[in-house]
Amino acid sequence: MSLGFKLKDRLVDLDELLLDANNYRLNFENEGKLYSDEETETPEIQKLTQRKLVKEQLSDLKESIIENGFLEVDRIVVRRSKASENFIVIEGNRRTAAFKALIGEHDNAQINLSTELIKKSHAINVVEIIGTETEIERYAATLMGIRHVSGPKKWPGIQSARLIYDLRTKGRSTKQIGALLGISSMDANRRLRGFLAYKQMREDEDFKNLVKTNHYTLLLEFLPTRNSVGKDWLGWDDDKLVFENEKHKKRLYTALTKPLDERNGKSEISNPDDARLFLKALAIESLKIKLEKDTLLQELGPIVDEHSAIKIITDFSRFLNRFNSSTSSDVKDALKQVKSKIDSVLE
């Protein structure tokens, strides 16, 4: 069976390699706003992409290249640019950016590279994908999935979710996406829901400037496959793939973004454990009412459901049976405080 595309070994100059301005590592937030090949070729966009990749901590890669040479065990994968005879890097942007940075520093007399490295910059072995636009796109998606979604060099969740979102908008089912990326269709669905919830938050006029990438992971906690507490509370619509309950949605966004303490910037829900505790409180009617009245999660006290509360009280009652008149005064004082609390609750 023909795969519909070919892979061709090529020897290219480093200057012929263009950094991918649409790289998911850099451009995952700009859904639907992709650079054309013509734009990607411009010096301005290449410099911008290089600067973004430098922020991806290239120092270790640069040191490795200086120490060990530009190793090609894991070769760079490219496609031909539609705008020229150059090649756009599909896989290997960080390594390419690191090598370009070193050559730039050498040209500016900031460092002195070996003759071997200079020669290598003019003869890099790459793999070119040759095929139709659809065939190249499919291969690139599969490659990214194998390496960065289900494989050894995993991207942070938001980047893989953006890839799933893009493939879905191009007409692929989550079953097909799962097969492409090496994950289950259930997992693909879950990540898609999370990205769309994140996208909805980014489009909210009151919160769009406060959204951070880690909010994707926190929103995912409210959209599990099985437990519906969060989805029901937020009015998640499985057809529209959005939160429909405006009041509760705003309450959640506030919990995710408003600092509890101006000094450290920590919010009411700042990590997955906070999100799970919030959901646990939502499952208890009395606590849910308090949360909806803007009581902070941190002010609720112990979060236990009725069944758990009864068990705790029963265990404490058994514990009390061990005491007698010879109990120390310190223990009796502690019990008096407990009695006062119990009287207060019963009243």
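Provide, in order from the shortest bin, the percent of all Cα-Cα pairs of the chain in each 10 Å bin, continuing until the bin that contains the maximum pair distance.
Calculated P(r), rounded to whole percents: 5, 19, 23, 19, 15, 9, 6, 4, 1, 0.
Using a 10 angstrom cutoff on alpha carbons, build the Gaussian network for the chain and name the most mobile of Ser173, Ser317, Ser270.
Ser317
For the stretch 165-198, which trypsin sites (Lys or Arg not before Pro) pass both filters: DSSP loop (anything but H, G, I, E, B) and at most 14 other C-beta atoms within 10 Å?
Lys170
Taking the chain as a Gaussian network, Cα atoms linked when under 10 Å apart, which of Asp74, Asp333, Asp261 shows the biggest mean-square fluctuation?
Highest fluctuation of the listed residues: Asp333.
PRE reach from Lys8 (point 7 Å along Cα→Cβ): which of the stretch 102-140 fall under 11 Å by backbone N?
128-131
At a 10 Å Cβ-Cβ cut-off, how would you order His248, His106, His215, His122, fewest neighbours first?
Ordered by Cβ neighbours within 10 Å, fewest first: His122, His106, His248, His215.
Shape verdict for the stretch 186-299, please, from the Cα gyration tensor: rounded (a/c under 1.5), prolate (a/b greater than b/c) or oblate.
In terms of gyration-tensor shape, oblate.
For the chain, what proportion of DSSP beta bridges, expressed in % and rounded to the nearest 5, is antiparallel? Let's see the in-between values first.
Values: 15 of 20 bridges.
Roughly 75 percent of the DSSP beta bridges within the chain come out antiparallel.
If you take the C-alpha gyration tensor of the stretch 1-131, multiply each eigenvalue by 5 and take the square root, what semi-axes do you get, largest first, in whole Å?
With the √(5λ) rule applied to the stretch 1-131, the semi-axes are 24, 19, 13 Å.
Spelling out what I want: for every residue of the stretch 205-217, take phi, set θ = phi - 60°, compute 6.51 cos²θ - 1.76 cosθ + 1.60 (Karplus), and round to whole Hz; glycine and proline get x.
Computed from phi, the couplings for the stretch 205-217 are 4, 7, 10, 4, 8, 10, 6, 10, 5, 5, 5, 4, 4 Hz.
Using the count of nearby Cβ atoms within 10 Å as a rough guide to exposure, how do Glu44, Glu135, Glu268, Glu63 rank from fewest to most?
Neighbour counts put them in this order, fewest first: Glu44, Glu63, Glu135, Glu268.
Would you kindly derive the ³J(HN,Hα) couplings of the stretch 228-235 from the backbone phi angles with the Karplus curve 6.51 cos²θ - 1.76 cosθ + 1.60 (θ = phi - 60°), listing them in order in whole Hz, with x for Gly and Pro?
9, 4, x, 4, 5, 5, 8, x
Only Cα pairs within less than 10 Å get springs; with that Gaussian network setup on the chain, which residue of Glu133, Glu91, Glu41 has the largest fluctuation?
Evaluated over the chain, the most mobile residue of the options is Glu133.
Taking the alpha carbon gyration tensor of the stretch 63-118, what are the square roots of 5 times its eigenvalues, largest first, to the nearest whole Å?
Working: eigenvalues 107, 42, 15 Å².
They are 23, 15, 9 Å, listed from largest to smallest.
Bear in mind these aren't lab numbers, they're just calculated from the coordinates by the rules spelled out. Only a predicted model underlies this, so the values are computations on that prediction, with no experimental measurement involved. Cβ sites come from the backbone with ideal geometry, for glycine too, and all protein chains shown count toward neighbours.
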